[in-house]
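I have placed the structure first, in the form of structure tokens, so that the comments after it can refer back to it.
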Amino acid sequence: MATHALGPGQVWLGGTRKPQCNQVNACSPLLTFDWTDGSATGTEGFAFPPQEPNMMVSPIYGRQDCISVLTSPADGQPASYGYPHGVTDDKFCTQTLHMYACGKAAR
């Protein structure tokens, strides 16, 4: 995954929490999210830190039901929250992130 020069960042991925994973530890981290576009499958690339996904709940934003990848400005520098570059994290779906990754089915 590429780094960027703007400081720690986050990249939206097209995944949402599975309905059966609506409580902390109800599902293993790699089986907590489904891809939303129908073209991506599997869990390769999901790499949660030990305490994630933690499914935080906010009275304003609701539950962390979406997923992002955390990025750092350079190799060896921490990403957001002190996590390593390239790990995945659950997010509030209403958060504003300025980067996103899209996929397209192969022909």
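The values are calculated or read from the model by the stated rules, or taken from the named source; none is laboratory data. Note that the structure is a prediction, hence the values are computed from the model and not measured. Neighbour counts run over all protein chains shown; Cβ positions are idealised from the backbone, glycine included.
Those residues that are surrounded by 12 or more Cβ atoms within 10 Å (Cβ to Cβ), in a loop (DSSP other than H, G, I, E, B) and not hydroxyl-bearing (Ser, Thr, Tyr), I need them from the stretch 80-107; list them, please. Answer for the stretch 80-107, where residues must be surrounded by 12 or more Cβ atoms within 10 Å (Cβ to Cβ), in a loop (DSSP other than H, G, I, E, B) and not hydroxyl-bearing (Ser, Thr, Tyr): Pro84, His85, Gly86, Val87, Phe92, Cys93, Gln95, Leu97, Ala101, Gly103. Reported count of residues in the stretch 32-59, each being at pLDDT 90 or above, small (Gly, Ala, Ser) and in contact with a Ser or Thr (Cβ under 9 Å, 6 or more places away or on another chain), is 1. For the stretch 12-31, the count of residues that are touching a Leu at 6+ places or on another chain (Cβ under 8 Å), surrounded by fewer than 17 Cβ atoms within 10 Å (Cβ to Cβ) and modelled with pLDDT of 90 or more is nonzero.
Meeting the requirement of 1 or more residues that are among the charged types (D, E, K, R), the strands (runs of 3 or more DSSP E) wholly within the stretch 4-76 are 9-17, 33-35.
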